[in-house]
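Report on the following structure.
The values are calculated or read from the model by the stated rules, or taken from the named source; none is laboratory data. Quantities reported herein were computed from a predicted structural model and do not represent experimental measurements. Cβ: placed from backbone, ideal geometry, glycine included. Neighbour counts: every protein chain shown.
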Amino acid sequence: MAHANPEFALACRAHRDPPLRHQTPPPATLGQLRARMRQIGELIDIGYPVAPDEREAYRIWLQVRRQDRRQAAREAQIRDATAEPRGGMHGADKRGERFAEPKRRLPADVQAGRVKLRRGTLTR
């Protein structure tokens, strides 16, 4: 997988292309880089002519952002899959509960085990 660091991805381009082709000044901070990429994206969206090197930088930026989001989603999947059972190794003996579910309050008839058809609708 490519690096999830947008500054590194933009710097890698300098090794791939000769430095005389792309002469955009480097951003001083990551915030400035994000603002510039957002600005380039807005210009591309409205059809404004954008320099080819800026278009390439924006393409790399989008690619790295997608990879970053996919990596975060994969980390969350792995974190959930390897989660410790509630109560540790003794959790299944007490209530049979494997994982701590999000706290949500169910309606009283559902908690009592009764079945109600068409919840939230009027009777016909």
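Odds and ends about this structure:
- Test: residue in the stretch 50-58 that is modelled with pLDDT of 90 or more, of a type in the set (A, V, I, L, M) and over 27 Å from residue 75 (Cβ atoms): yes
- Matching option when the condition is modelled with pLDDT under 85 and over 14 Å from residue 57 (Cα atoms), among 3, 15: 3
- Checking 36, 65, 70, 55 one by one, the residue that is surrounded by 12 or more Cβ atoms within 10 Å (Cβ to Cβ), touching a residue at least 24 places away in the same chain (Cβ under 8 Å), assigned to a helix (DSSP H, G or I) and out of contact with any His (no Cβ under 7 Å at 6 or more places or on another chain) is 65 and no other.
- Of the criteria (1) part of a helix (DSSP H, G or I); (2) farther than 18 Å from residue 4 by Cβ; (3) modelled with pLDDT of 70 or more, which one residue 91 fails: (3)
- Among the residues of this structure, residue 47 counts as one that is at pLDDT 90 or above and either small (Gly, Ala, Ser) or more than 30 Å from residue 6 (Cα to Cα) (or both).
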